[in-house]
Amino acid sequence: MVRGGVTVCDVGTDHALLACYLAKNGAKEVIASDINDGPLESARRTVEQEGCTNVRVLKSDGLKQIDYADDVIICGMGGELIADIIAGCRFLTKDTRFILQPMTKAEILRRRLYEDGFEILEERTAYDGKRAYTVMHAAYTGDRREVDEIFALTGKVTDPKFLQRTAEKLLKNASRMDNSDNFTEEAAKLRNMAEEILRKAEMLS
């Protein structure tokens, strides 16, 4: 999803392995940023070991100290934190691209993106053992709108396996609510959503 020949910012770079990979594979320049000193030292060692002269290590709280980047990568954080970091971007244009990988609360990130005038261009899925993740490619359009609950949960994911997992989670939550009269209506709503997501998964299979 990262474009070639552009300036990239890897927010929360940690060990800078991704930053160095991008620097060696078409990026014009990579800013490897982190808020903590420990990861920054680790990042500097990696950059030196890899001999990447086009990687700049910078201390920054999210994007607050970043002056410019064409592509911004924010991975391995919660969806709410990612949304907060994007909200602090000072160089946002309609040409800026965001590659986002939420560890949790992807549905909140999707809602916030559209409420703040962004559009998700594409989503891809990735698996690590039993864990499933989505990677979002987003751009600013200025068109602020709300999304429905199905979109918040599934976005532009086209992976049937991922959609099936999402539906299964909804069905499990609905089953937990069956023991309480107070949540009968909510349980029915979750089951209806799960059925809709499963139909989508079946169409994509």
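Setting aside same-chain residues fewer than 8 positions from Lys59, which lysines have a Cα under 24 Å from its Cα?
The reachable lysines, counting only those whose Cα sits under 24 Å from Lys59, are Lys24, Lys28.
With r as the distance between the Cβ atoms of His15 and Glu115 and R0 = 35 Å, compute the FRET efficiency 1/(1 + (r/R0)^6) and round to 0.05.
With a Förster radius of 35 Å, E is 0.60.
Under a Cβ-only charge scheme (Lys and Arg +1, Asp and Glu -1), can you give me the dipole magnitude of the chain about the Cα centre, in debye to the nearest 20? Don't skip to the answer; put the middle values down first.
Numbers: 30 positive and 35 negative charges, 75 e Å.
Computed charge dipole of the chain: roughly 360 debye.
List every residue whose amide H lies under 5 Å from the amide H of Glu122, counting only residues 5 or more places away in sequence or on a different chain, with H placed 1.01 Å from N in the peptide plane.
Amide H to amide H, under 5 Å and 5 or more residues apart or across chains, Glu122 pairs with His137.
Sorted from largest down, give the three principal axis spans of the alpha carbons of the chain, whole angstrom values.
Answer, in whole Å and largest first: 60, 37, 33 Å.
Where nothing but the Cβ of Lys and Arg (+1) and of Asp and Glu (-1) is charged, how large is the charge dipole of region 1-95 around its Cα centre, in debye to the nearest 20?
For this selection, approximately 260 debye.
At 0.36 nm per residue, minus the direct Cα-Cα distance, what do Glu146 and Ala126 gain on full extension? Give it in nm, one decimal, please.
Full-extension gain reported as 4.6 nm.
What lysines does Lys161 reach when the alpha-carbon gap must be under 25 Å and sequence neighbours fewer than 8 apart in one chain are set aside?
Answer for Lys161, where 25 Å is the Cα cut-off: Lys105, Lys130, Lys169, Lys172, Lys189, Lys200, listed by chain and number.
Restricting to Cα pairs below 8 Å that are 6+ residues apart, what does the relative contact order work out to for region 124-205? Please round to a whole percent.
Reported as a whole number, the value is 29 percent.
Nearest 5 percent is fine: what portion of the DSSP beta bridges confined to the chain is antiparallel?
Around 40 percent antiparallel, to the nearest 5.
Given a 1.4 Å probe, how much area per residue of region 5-151 is accessible, in Å²?
50
Grab the Cα-Cα distance for Arg199 and Asn25, subtract it from 0.36 nm times how many residues apart they are, and report the gain in nm with one decimal.
Extra length from Arg199 to Asn25 when fully extended: 58.7 nm.
With unit charges on the beta carbons (Lys and Arg positive, Asp and Glu negative) and the dipole taken about the Cα centre of region 36-91, which residue among Gly78, Cys89, Gly38 sits farthest to the positive side?
Gly38
Could you calculate the contour length gain from Ile108 to Met1, that is, 0.36 nm times the residue separation minus the distance between their Cα atoms, to one decimal place in nm?
Gain on extension, Ile108 to Met1, equals 36.4 nm.
Can you give the calculated 222 nm mean residue ellipticity of the chain, where each DSSP H run of n ≥ 4 adds -39,500 (n - 2.57) and the sum is split over every residue, rounded to the nearest 500 deg cm²/dmol?
Helix contribution divided over all residues of the chain: -13000 deg cm²/dmol.
Given points 7 Å out from each Cα along the Cα-Cβ axis, report the Thr184 to Glu50 separation in nanometres with one decimal.
Distance between the two pseudo-spin positions: 5.8 nm.
Which helices, counted as full DSSP H runs in the chain, have an axial Cα extent of no less than 24 Å and a Kyte-Doolittle average of -1.0 or above?
Length and hydropathy pass: 160-177, 184-204.
Over the chain, what is the relative contact order in percent, taking alpha-carbon pairs closer than 8 angstrom and at least six residues apart?
Here the relative contact order equals 14 percent.
Round to the nearest 10 and report in Å² the accessible area of Met1, as given by a 1.4 Å probe over the protein chains' heavy atoms.
60
The values are calculated or read from the model by the stated rules, or taken from the named source; none is laboratory data. Just so we're clear, the structure is a prediction, and the values are computed from it rather than from any experiment. A quick note on method: Cβ atoms are made from the backbone with ideal geometry, for glycine too, and the neighbour counts reach across all protein chains shown. Ligands, DNA and RNA are excluded from the accessible area calculation, which covers all protein heavy atoms including side chains. Shrake-Rupley method; radii C 1.70, N 1.55, O 1.52, S 1.80 Å.
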